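Notes follow the structure.
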Amino acid sequence: MNAIYDFSILTGGIHERLSGLMSPTAVMITEMVIIGTLLIVFVALMGLVLVLAERKVAAFFQLRLGPNRVGPWGSLQTLADFLKLLTKELITTKSADKFLYNLAPFIVMLTPFLALGVIPFAPGLQIMDMNIGVFFITAVSSMGVLGILIGGWASNNKYSLIGGMRSAAMVVSYELSVTLAIMTMVIMTESLSLSEIIASQSDGWWIIKGHIPALIAFLLYLTASTAETNRGPFDLAEAESELTAGFHTEYGGIKFAFFFLSEFVNMLVVASIATILFFGGWMPFHLPFEWAVGFNHIMDFIPGIVWGFGKVTFVIFLMMWFRWTFPRLRIDQILNLEWKYLLPMNLVNFLLMALIALSGFYL
Amino acid sequence: MQAELISKDGTQEYFVNMGPQHPSTHGVLRLVLTLDGEIIKRVEPHIGYVHRSIEKMAEFDTYKQIIHLTDRMDYLSAHMNNEAVALLVENALEIEVSDRVKVIRTIMSELTRLASHQLWWGVMGMDMGAITTFLYAFRDREMINDIMEETTGARLTMNYNTPGGVMFDLHPNFQKQVKEFIKIFKTKLPEYDELLSGNIIFTERTKGIGKLSLADAISFGVTGPSGRASGFACDVRKTNPYSAYDRVNFTEILLVEGDAYARYKARIFEMWESISIIDQLIDNIPEGVIMAPMKAIVKLPKGEFYQRVETARGELGVFVVSDGNKTPYRVKFRSPGFSNLSVLDHISRGHKIADLVAIMSTLDLVIPDIDR
Amino acid sequence: MSTIIAYFKGIGQGLNTLWTGMKVTGYYFFHARKEIITMQYPDNRDTLKIPERFRGRVVMLHDQNNEHACNGCTMCEMACPNGSIKIITDKILNPETGKAVRIIDKHIYHFSMCTLCNLCVQACPSNALAMDNSYENSVYDRSELTFVLNQPGSKIRDNVKD
Amino acid sequence: MEQYVFYILAAIILVFSFMTVTSRMILRAAVYLLFVLIATSGIYFMLNYNFLAAVQLTVYAGGIAVLIVFSVLLTSQLNEKMEQVSLTKALAGGLIAFAGALLTILTIVQYNFRPNGLPELEPSPRAIGHAMLNYGDNGYVLPFEVISVLLLAAMVGAIIIAKRPAKLLNEDRTAIDTSYPSDKNAYTSRTKAEIDSLLK
Amino acid sequence: MENEKIQQFISNWEPEASSALCAQFLEISVPAAKFRNLAEKLRFDEQMLFDYLFNMTCVDWNDHFITVYHLHSTKHNHSLVLKAVIANHDNPEVDTICDIWKTAELLEREVYDLFGVRFNNHPDLRRLLLADDWVGFPLRKDYKDEVNMVIR
Amino acid sequence: MGNEAIIMLFLTGLVLVGGGIGAAMILGPKRWNKVKEEPYECGIETTGPSWLQFRVGYYLFAILFLIFDVETVFIVPVATSIKELGVAAFVEVVIFFVILGLGLLYAWKKGALKWE
């Protein structure tokens, strides 16, 4: 890997400069403020980009042009939408549980934030390298469902309540598959730390090295994580043709915007994990063969951040493709799919992967 | 009151209003659902939000003027509605229209049916969550609308039929355009199957849902593709042929399953049949006058008249009681949607809310048709 | 055993049907540029093709001498199912023959009530009325939808019979 | 720094624990409990027991809390507030709680904590995994296997308790006429004669 | 079956029924009191089996109402028009047939809504299309509404 | 950064949402209207309360989820170390899985996985 693309040089430099100026606690607080500000900017930017991308991709699937009035190619459309939502009146229905109603957007937004903290987007571009990285993300994202559940409940609206219930049952079920699919890959990486997982793929991505079980795990993960983000054919929490808007029927203005934004940031998170586990994160495309040294070297010249975001974009595109092609599943079918198909397959796939790992039958 | 709400296993019943402002009721239909959890125990349709009393209005209009009102009932099969009134007057006065008019009417009817089924298909997909189908359906429907606009001067409420014939002659481009459309649409229709009909999520959601038996279909008077999916041979084009339907070969689509998927399939099959009918007629439209000689003021003889046509939704009946004046004494439109709606409660009990959406889309309700 | 085979067969078939659908949308995604079906409406006013038979609204045909063919026979008024046409006639003395002749003072057309059914155009014995191709009819006040069809200062063409 | 964090977390736990038991709206109580659970995991994070903290989040905040909310929906008094606890009951409860706390504190204070001399274990998941699958000294393979049996027993028990005999909803569904045969996979168009023959 | 034979059957069952062979359908008129009995026979008799009620409406003849039922048999493929003559114009009443032909439930509600004809034993006779607090029955010939109705 | 970053992430999230809502409170109009306070039910006033005892078909799934959630917690350390520990550990994991698989099979056969 080319050292010039390593962000840790930049961050380390800043850290040293700051340490020379003030006490360790002050350094930490300063860094926190800087990182926090950058993170908010990043999330806001990603939200704007992803929403626009979703609309553009949807438009092209549907033979439309998509937003094209505000800014070049409609690039400022989401910004305009955000400003509109920001300046809308906040309405709370009179029978709602005000405290829980206002709490829900916080919970919903907090979980992707915590998850983003451990994701390395490029070499050195990671807020904290936790030794249980992936497991931390699954643990945190399991709380996100509570935001939906509480929001649906607190609105005191029948559609919201049904939507919230559905979503909760679905998300908790699919969490199992997400975790198991991740653990299947962890057998190979032997570590939960995301940076170590990436490092273990320096000679080739796991989806190539781990062949069949890795491919199955990828499909299972993709399906389950699409469900966990309440997207695509699994969006029945907000199934508009049945429940008008599902759990966020009563949310308007900026509160709705946070529900909306969290969906997209969650999508970014799950796509990043898929990228890291199966496609080597920011690791360039390498072939695990002797003769491919030259090829591997050429690949190194493309910066890691390009690789990282390129692969994330690919996974997100897949999820968008699902969403704009498939009809929605019914709640009992969703639970069926998880408990009768994904979960048993995951359990078997886990053992298969363990067998392959032990037999050394991987590249 | 509270005690009544509690069902047998201790949980309480839930009343939910679906509509009038709801995305999947396709208009201002209001359904009051009684739920037990997510299971539907009762569906009670509340209609009349777009009631305009067309029947009362028709009592003050001459027969020519009634036709434009029928445009606004089932606006997706406006041409067939027009045709019903026109045929009624012609049959009552025993006027023979020219072959050209008959063929034009048949082609137009089938084009309208295609357009209606295309819109239904797009909306059906959208109701099931596949929003992309909507745009694909409108892409194809747009071609038909353009053809219609060129000849009749309007895209939806055409008012093209008059007693004795049609208002305008075909546009010179008509034949060419229709042939081109048929050629394109024959390649697009298989895409409908690939995108939705075969999709495992879609089939799982519709097969075995909202089963309607033949006896119930007849008893509820469910006609059109919905009725024929239950095996009810109710195609007016076959039982009481009108216009040029007696000279074309086509199969009456009959299925036996009677569930939502059968109703879906029946419409897809029907699109192929419509294409075949147009194929047979488009090359040999006979020459002739487009208007039979009519008196300026049409007066029907005293008596009662009933004329039925097959619209995209089923049997449309026009019942006219005439007292010999230039305006009818009483007009009744037997709208297919009205009868099809009446079966909704019966077939959706015990299903889930999501199934209700599937059932409603396959019944293909058009609310102005029901409310009139 | 057969249930297990059926289980996996079901998965395979299901995935296949999903892939079939994705191929269709995928094809259109990569050919979207060529097959865009929507119009950029206010921008394409110049290229928008309106068929000549399109029924926009009722107009009275005037020739270059500002003459029309309406003699105020009220056939259109009777033919209209919605009462959107009202004709106010006047009687003037024909200076040549000395007979009183009916001319129109105002041919009032309530566009807000019109259903564009074309019956008035058909009813007109002297082909004075026609449908034009206008389609941008939105206004801020309903009263702006009431038109007087005969242009100010226009008069009836000579060869029109009574 | 760490101390302040600990105090804040401890305060959160105390305050929300108190609010959980005093709240008279049942779902709010559940949400307050959720805060307590999350703050507890925060303490684990502070101690660098990352794995344990994540487990706390997964099982308690993600699993138990959802289960509690679902169970709340099964209670009948969702709409009303819970009844006011009578003073005697409150007093008795407070007394018992105080006694329990006293007992615990006394025990902790009196206990003589000694180092056990064992080498310090690295709290990484891999070390835990090694210990768990190890059948030598310090190996926990038997508990690991027994856990699966325990979970199985829990599952069977839950199913037996929660699963009522499958109640047919057909009583609601007006009798569906099955007099004519239905081939579920066919869905092909038939002629009238065929349908008539099917009906016979 | 031919119309004459049907006429024969009906005159045997219900001597009060008057029948006329019109251009399109055989039309049977029967007093409202006898109507329900005849309808049941027409539906269930093996020779008749009029199982498809394809249209149902009402006509206000100023001094009496006639409810009109268009019946068809899908088995024997014959049709007829059944009419119940309701002589009492002030308080029109006729027996319901919504248990015989299920589609009639909504159709009868519509007729009640617009004509004010009461259907005895109807399970849920309420206004259907109009608002619940509407006054009057709009399709009656003597209905007056100065505000909403413009008569040319 | 170490674990203290969690605090930072937490606070960042709070600041974003709180700031957004606060900004909306300042920027947004405040026009009170009785109808605005009504819960949305397709334009009709709601019939009956929404907070009713609700027949949750999902309850059993939540219990099952909890059991399998505990299982995945055990799987996590196992997954990280199984490659190193070899065949003996694999056999142990297989036994663990088979016992749990039996539980799933039991639930399946008992119809607990069927939503009603």
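Throughout, read-outs are computed from the coordinates displayed, never taken from laboratory work. Predicted, not measured: the structure shown is a model, and the values here were computed from it. When we count neighbours, we look across all protein chains shown, and the Cβ atoms used for this are built from the backbone with ideal geometry, even at glycine.
Counting only residues at least eight positions apart within a chain, or on another chain, the aspartates and glutamates with an alpha carbon under 17 Å from that of C:Lys91 are C:Asp105, C:Asp158, C:Asp162. Cα convex hull, segment E:1-135: 105 Å³ per residue, rounded to a whole number.
Neighbouring Cβ atoms from other chains, within 10 Å of the Cβ of residues in A:62-69, number 6 on average. Taking other C-beta atoms within 10 angstrom as a stand-in for reagent exposure, D:Ile105, D:Ile8, B:Ile285, D:Ile128 fall in the order D:Ile105, D:Ile8, B:Ile285, D:Ile128, fewest first.
Shown for chain A are the DSSP H helices of 18 Å or more along their axis, judged by Cα atoms, with a mean Kyte-Doolittle hydropathy of at least 1.0: A:24-61, A:98-116, A:133-154, A:158-189, A:211-228, A:253-279, A:304-323, A:343-359. Taking A:Trp339, A:Trp282, A:Trp73 in turn, the Gaussian network model of chain A (Cα-Cα springs below 10 Å) assigns the largest fluctuation to A:Trp73. With K and R counted +1 and D and E -1, the other residues having a Cβ less than 12 Å from that of C:Lys155 yield a net charge of -4. Taking only the C-alpha atoms of segment F:56-116, Rg followed by Dmax gives 14.3, 45 Å. Across chain A, the mean sequence separation of Cα contacts (distance under 8 Å, 6 or more residues apart), normalised by length, yields a relative contact order of 21 percent. For segment C:58-156, treating each Cα as an identical point scatterer without solvent, what Debye log10 I(q)/I(0) comes out at q = 0.19 1/Å? Result of the Debye calculation: -0.94.
Could you state the angle between the C-alpha long axis of helix B:99-127 and the longest principal axis of the C-alpha atoms of chain B, as a value from 0 to 90 degrees rounded to the nearest 10? The helix B:99-127 is inclined about 20 degrees to chain B. A Förster radius of 60 Å, combined with the Cβ-Cβ distance separating D:Leu95 from C:Phe147, puts the computed FRET efficiency at roughly 0.10. Taken over the alpha carbons of chain A as equal point scatterers, the Debye sum produces base-10 log I(q)/I(0) values at 0.07, 0.15 Å⁻¹ of -0.33, -1.40.
In a reduced charge model with +1 at each Lys and Arg Cβ and -1 at each Asp and Glu Cβ, the protein assembly as shown shows a dipole moment near 680 debye about its Cα centre. Annotation for segment B:56-131 versus segment A:79-148: alpha-carbon center distance of 53 Å.
Placing +1 on each Lys and Arg Cβ and -1 on each Asp and Glu Cβ, with no other charges, gives chain B a dipole about its Cα centre of roughly 460 debye. Label point of E:His64 set 7 angstrom out along Cα-Cβ; within segment E:4-20, amide nitrogens under 16 Å from it belong to E:15-20.
Taking the inverse of the mean 1/r over every pair of distinct Cα atoms in segment C:101-162 gives a Kirkwood hydrodynamic radius of 13.7 Å.
For segment C:1-78, taking the reciprocal of the average inverse distance between every pair of different Cα atoms yields a Kirkwood hydrodynamic radius of 19.8 Å.
Taken as Cα centroids, segment B:249-285 and segment B:182-247 sit 7 Å apart, rounded to the nearest whole angstrom. Across the alpha-carbon atoms of segment D:1-109, the computed radius of gyration and Dmax are 16.2, 46 angstrom. Exposure proxy for A:Phe42, B:Phe134: other Cβ atoms within 10 Å of each Cβ, ordered fewest to most, give A:Phe42, B:Phe134.
Exposure proxy shown here: for E:Asp124, A:Asp235, E:Asp63, C:Asp46, the number of other Cβ atoms within 10 Å sets the order, fewest to most, as C:Asp46, E:Asp63, E:Asp124, A:Asp235. When the Cα centres of segment E:56-104 and segment A:1-71 are compared, how far apart do they sit, in Å? When both Cα centres are located, 74 Å separates them. Three principal axis extents describe the C-alpha atoms of segment B:14-83; from largest down they are 52, 21, 18 Å. Dividing the Cα radius of gyration of chain B by 2.2 N^0.38 Å, with N the residue count, gives 1.01. As a ratio to 2.2 N^0.38 Å, the alpha-carbon radius of gyration computed for segment A:151-293 takes the value 1.28.
Each label was represented as a point 7 Å from its Cα along the Cα-to-Cβ direction; for F:Leu102 and C:Met39 these points are 7.1 nm apart.
One chain, two ends: C:Thr74 and C:Glu52. Fully extended at 0.36 nm per residue, the span grows by 5.3 nm beyond their Cα-Cα distance. Take the Cα radius of gyration of segment A:25-99 and divide it by 2.2 N^0.38 Å, N being the number of residues; the result is 1.59. Since only A:Leu103, A:Val43, A:Phe82 are under comparison, the one whose Cα sits farthest along the positive direction of the charge dipole of segment A:42-119, derived from C-beta charges on Lys, Arg, Asp and Glu, is A:Phe82. Roughly how tilted is helix C:2-30, in degrees to the nearest 10 and between 0 and 90, from the longest Cα axis of chain C? The answer is roughly 40 degrees. Listed by chain and number, the aspartates and glutamates whose alpha-carbon sits under 13 Å from that of B:Lys41, ignoring those within fewer than 8 places in the same chain, are B:Glu13, B:Asp345, B:Asp355, D:Glu171, D:Asp172.
Compared with the dominant principal axis of the Cα atoms in chain E, helix E:32-44 is inclined by about 50°.
Mean projected area of the convex hull spanned by the Cα atoms of the protein assembly as shown, taken over all viewing directions: 63.8 nm². For peptide E:98-106, the mean count of partner chain Cβ atoms within 10 Å of a residue's Cβ comes to 5. Pairs exceeding 18 Å between alpha-carbon atoms, taken from B:Lys238/E:Lys41; B:Lys183/B:Lys265; A:Lys311/F:Lys83; A:Lys209/F:Lys83: B:Lys238/E:Lys41; B:Lys183/B:Lys265; A:Lys311/F:Lys83. Lysine pair count for segment B:273-372 with Cα-Cα distance under 17 Å and sequence separation of 8 or more or different chains is 4.
When the alpha carbon gyration tensor of segment A:24-148 is reduced to an equivalent ellipsoid, its three semi-axes come out at 29, 23, 17 angstrom, largest first. Counting, for every residue in B:217-226, the Cβ atoms of other protein chains within 10 Å of its Cβ and taking the mean gives 5. Kirkwood analysis of segment E:58-152, using all unique Cα-Cα pairs, places the hydrodynamic radius at 14.5 Å.
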